[in-house]
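Quick notes on the structure that follows.
The values are calculated or read from the model by the stated rules, or taken from the named source; none is laboratory data. The structure presented is a predicted model; accordingly, all values stated were derived computationally and were not measured. Here the Cβ positions follow ideal geometry from the backbone for every residue, glycine too, while neighbour counts run over all protein chains shown.
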Amino acid sequence: MFERRLFFHVDWLLLGAVLMLTGIGIAMIYSTTYVTPPTGGGHAGPQVWTQIYALAIGMVALLIFLMIDYRMFAEHSLILFGGLVVLLVFVLAKGSTQMGAQRWIPIGPFNLQPSEFGRLTIALLLAMFFGENRRGARNTSDLVIGGIFTCVPLLLIAKQPDLGTAVTLLPVFLGLAYLAGLRLRLLGVLALAGLMVAPIAWKFALKDYQRSRIQTFIDPEKDPRGAGYQTIQARVTVGSGGLTGKGFRQGTQGQYKFLPVAHNDFIFSVLAEEQGFIGVLVALGLYLFVILRSLEAARLAKDRLGAYLVGGIISGFSFQVIYNVTMSAGLAPVKGITLPLMSYGGSSLIATLAGFGLILNVRMRRFTN
Amino acid sequence: MSTNLMPDDRRHLALRLSALQYVIASAFALLAVGFWVFQVAQHQKFAEMAENNHLRKLPQPAPRGVLLDRNGKVLVENRNIFNIALVREQTKNLDATLKTLAAATGVDEAQLQETVSRRRREPSYRPIVLVENATVEQVIAVKARQWELPGIFSQEVPSRQYPAAAMAAHLFGYVAEVTEAQLQKTDYEGAEPGEIVGQAGLEQVYNRLLMGTEGNKTVIVNSVGREIRVLDEQSSAPTEGRTMQLTIDADIQRSIEDGFAASGFNGAAVVLDPRNGEVLGFTSRPSFDPNSFAGGIDRATWASLNVDELKPLQNRALQGTYSPGSTFKMAVGLAGLEEGIINPEFTVHCGGGANFYGRYFRCWKAGGHGTVNLKTAIEQSCDVYFYTVGNMLGVDKINKWATLFGLGVKSNIDLPNERVGLVPSTQWKQTQREKKWYAGETISVAIGQGQVSVTPVSMAVYTATLANGGTRVTPHLLKAVHDGKAWKPVEAPPPQSRVDVSPEKLQAIRQGMWGVVNGGGTGGRARIEGHDVCGKTGTAQVISNAGRLAAARSGKNLRDHGWFVFFAPRDNPTVAGVVFLEHGIHGPNAASVAHHILATYFAKQDGKPMPPAPTHEDLRIDYKDPYARGAAPIESGGQ
């Protein structure tokens, strides 16, 4: 299954950049979760170890998704999709509840978050669906069928409620459909429909806390102690970092918990605070390199399936990165969208690394038949 | 495979991939610009906001200055009181904890609940004080049941320790948190909101010196306000307030308090050194306990102090104005001598009363004193003698000399809110009442009745001026201030005025006053063997005889006030003062209190053991209303 010569076609630069970002993430998690008891001394928070274990598991997943031909995964994507739906239904029925949402399945000492594997499954399924279709351009019915496949897990995840993660499925679908030759006019119609549905969704679909998050994003000063707090504090965190930052573990906003969930949703804010604008440029540069290098893999893919698969995965990844970084500067409403590779979260890291396994896989097998 | 990319397909895909690349790259470029704006362009603003988030300046109260007596004995110092407080985040079952605490301390459980619910919005790690100024028993009870009371602990807080038994409470005053209104005043310049400042008495007057300088410490706090650590480099230590040495003699002060306590009367007393105006003792009664203000006074105590009919917060020595009665007679006699109207040998025949301007004025002694000269008139307190002299002088000359001796003017003692008494004059009546002065009114003035009113402190100055021969010393309380390195003596304030009274004329007055105490006069109870005490009793009517009859049933205390002014020894006096007994019935009762003060003074001077606190019996208080002129109607009025 794995030929020795394939080893030489592994994109080591991409893998290196991915691991560097993961390493930066672990360092920032270490910084924000460092425990300083009043009695003196100090030690790393438990989150660091969780993240390191997740990295180890994620590397195994990456290897699996690298070594087995991506077409094998695509051919069995319907089974994977079925498994995902079962898990998501299970989560809704029996999952553990944390911070007001039911997202996790406890497995021994770990908590599995099935929704994080949604993007990967959807990418495989849609790449298979669009890639194996012989016609050149995609029509409306393709879009509708793809949309339905996307919406099943999306609604299940939104029900948890985890709107942030649910929404990340959309760019996978749209990015993939776009690469598959979906007419731009159709995308335009879709966007228009979205705009028309928005007010109705605002009124009926969104929960109060979600509405207030969007409202306070528009005018954070209206409620600086309440819902606008995170947006303001995010800007203060980022802005106070300055050009060179306050130094590792020297950030005041993250260290003294003025910024909530700093090790998770706002990890990039902490990076900006402690490492400054220079650190931000380095991290953004690495992310951009990872994205462009992945798009290069799509370009080099030997078949449509591979190209679409990479396109779908990287669209979701790019959307997450751009949205989270924008939010971490207080420039977008606070949503539970984590920063892939850097944010604390085992399931997210494992799923993301598995996704890069597939991207590397596509590039590695570009000459095979 | 059929899905392999055809060249056409590949071109198409490459085009779309490039478009995607550009979109994503421009999004990243925009993000970089956004971060540049926040992190570089607006860095200053956000850096300040972050600083304000996590740095807190906490005031470090400075210990107030200690007050010492003239011999270095501590009068007012700082102590720590215990508060029992609750930290909610450490409790498991709040209701059960409060119930146990109520049982352990004897504090009403509902009140504890109320305190907690009033402050429920505060962060739960912040202590809520449940019992202020807790007793040792309460603290021990809480400690003993610590395991049942998670989250309950006792904390020590700095407070002020005043002497027991409310001694000299009006002199020291009290401290409390600075009010909004006070922060606007220059008197309280430098005080921060929430700071403890002097609110009355010496604490108020010398607040600036006593207060010290508040320090502060800068602490790092986290998002819920918990202190993480102190930034030493940005903190400053508080500077303690100045230690002050007062002119007060703790033993004299104690003797005044003991004398009043034994007498059972309220009133005031001021004892001075007539040579320089140093105040040796100063009391106003009823008193209050300034300690109850120090830890934050509770509402009930404050309300009861304010509505109390006896007005315990009023400083009677400075703010009470009363008729001086017969103690005024020396001023009249002196005026007569100095104005050349009489000489010491001038005599008047007292037949128990005399007619002036068509009205009969009685002497207090129904049978009369016979023929009296100045010395005997003072000794026997003969009213007719002074009616006569007063009538010869006229009110304005009386006013002139009384004023020169400190009556009807402020003493300018270094205590707040002194009130001024009144010695009438024709001009006063013209301007204040727009009426002409009638010569008949002068007759009452001559025996210290009528419109004459004085404060006890001005009586002390008057007596001191008689004692020192005409120097109206300024009573003052501050002897020295310790500036942190050494004692700096405080210069006595200059006298308010000075007249040269010829010693021979003064001697006649002094002889009379000596006779009051040592010659079988009305002040015999103040006699101290071997020390020529001079004094004068006075009894001031609270209400006219007719009014007394009408008001007899109102239940108000309308008994006369008793005065005793004194100085000693007769030649080169070193102590002078006044004892004023509110509704003390008559002057000799005041002389009994003065006796204990003088006995203490001379025992101390002579190095003898100080007399024990007198009992009520020792003072031989006379409750009989001795004045014939009020007696009959009162008896018929059923009092």
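Points to keep in mind about this one:
- When A:25, A:42 are checked against the criterion of being more than 18 Å from residue A:360 (Cβ to Cβ), surrounded by fewer than 17 Cβ atoms within 10 Å (Cβ to Cβ) and either touching a Ser or Thr at 6+ places or on another chain (Cβ under 9 Å) or at pLDDT 95 or above (or both), A:42 stands alone in meeting it.
- Every residue from the stretch A:229-251 that is more than 7 Å from every other protein chain (Cβ to nearest Cβ) and of a type in the set (A, V, I, L, M): A:232, A:234
- So residue B:464, is it at pLDDT 95 or above and in contact with a strand residue (DSSP E or B) (Cβ under 9 Å, 6 or more places away or on another chain): yes
- Among the residues of the stretch B:424-448, the one identified as exposed (fewer than 12 other Cβ atoms within 10 Å of the Cβ) and among the acidic types (Asp, Glu) is B:434.
- Boolean, residue B:78 is over 30 Å from residue B:136 (Cα atoms), in contact (Cβ under 8 Å) with a residue 12 or more places away in the chain and either more than 9 Å from chain A (Cβ to nearest Cβ) or under 33 Å from the mean Cα position of the chain (by Cα) (or both): no
- None of A:194, A:188 is more than 14 Å from every other protein chain (Cβ to nearest Cβ), without any contact (Cβ under 8 Å) to a residue 12 or more places away in the chain and over 30 Å from residue A:92 (Cβ atoms) except A:188.
- Those residues of the stretch B:53-71 which are more than 9 Å from chain A (Cβ to nearest Cβ) and out of contact with any strand residue (DSSP E or B) (no Cβ under 7 Å at 6 or more places or on another chain), in sequence order: B:71
- For the stretch B:115-122, the count of residues that are within 31 Å of the chain's Cα centre (by Cα), more than 14 Å from chain A (Cβ to nearest Cβ) and not aromatic (Phe, Trp, Tyr) is zero.
- Candidate set: the stretch A:252-262, residues that are at the interface with another protein chain (Cβ under 9 Å from one of its Cβ atoms) and within 25 Å of the chain's Cα centre (by Cα); chosen: the one surrounded by the fewest Cβ atoms within 10 Å (Cβ to Cβ): A:260
- Test: residue in the stretch B:331-350 that is in the same structural domain as residue B:558 (by TED's automatic domain parsing), of a type in the set (S, T, N, Q), closer than 30 Å to residue B:385 by Cα and at pLDDT below 95: yes
- Strands (runs of 3 or more DSSP E) completely within the stretch B:531-593 that count 1 or more residues being of a type in the set (Val, Ile, Thr), crowded, with 16+ Cβ neighbours inside 10 Å and modelled with pLDDT under 90: B:534-540
- Residue within the stretch A:304-319 that is among the aliphatic types (A, V, I, L, M), surrounded by fewer than 23 Cβ atoms within 10 Å (Cβ to Cβ) and more than 10 Å from chain B (Cβ to nearest Cβ) present: no
- Residue identified as of a type outside the set (Phe, Trp, Tyr) and within 7 Å of another protein chain (Cβ to nearest Cβ) among B:47, B:29, B:104: B:47
- Qualifying residue in the stretch B:480-498 (condition: part of a loop (DSSP other than H, G, I, E, B) and touching a Pro at 6+ places or on another chain (Cβ under 8 Å)): no
- Tally of residues being among the acidic types (Asp, Glu) and more than 10 Å from every other protein chain (Cβ to nearest Cβ) across the stretch A:263-281: 2
- Within the stretch B:98-127, tally of residues that are part of a helix (DSSP H, G or I), of a type in the set (D, E, K, R) and loosely packed, with under 12 Cβ neighbours inside 10 Å: 2
- Taken over the stretch B:82-97, the criterion of being crowded, with 19+ Cβ neighbours inside 10 Å and more than 20 Å from residue B:118 (Cβ to Cβ) is satisfied by B:82 alone.
- Filter result for residue B:268 (outside any strand (DSSP E or B) and within 30 Å of residue B:567 (Cβ to Cβ)): no
- Pairs meeting the criteria (first residue in the stretch A:282-294 and facing chain B (nearest Cβ under 7 Å) and under 18 Å from residue A:361 (Cβ atoms), second residue assigned to a helix (DSSP H, G or I) and of a type in the set (Val, Ile, Thr), beta carbons under 7 Å, at least 6 apart or on different chains) are A:291/A:314; A:291/B:24.
- Lone unmet requirement of (1) farther than 30 Å from residue A:71 by Cα; (2) surrounded by fewer than 24 Cβ atoms within 10 Å (Cβ to Cβ); (3) within 9 Å of chain B (Cβ to nearest Cβ); (4) modelled with pLDDT under 95 for residue A:332: (3)
- Count of the stretch B:508-522 residues which are in contact (Cβ under 8 Å) with a residue 60 or more places away in the chain and either outside the structural domain of residue B:468 (by TED's automatic domain parsing) or in a helix (DSSP H, G or I) (or both): 9
- Residue list for the stretch B:174-229, restricted to those being among the basic types (Lys, Arg) and either crowded, with 18+ Cβ neighbours inside 10 Å or at pLDDT 80 or above (or both): B:185, B:208, B:217
- Flag if residue B:111 is more than 31 Å from the chain's Cα centre (by Cα) and either of a type outside the set (Phe, Trp, Tyr) or closer than 30 Å to residue B:318 by Cβ (or both): yes
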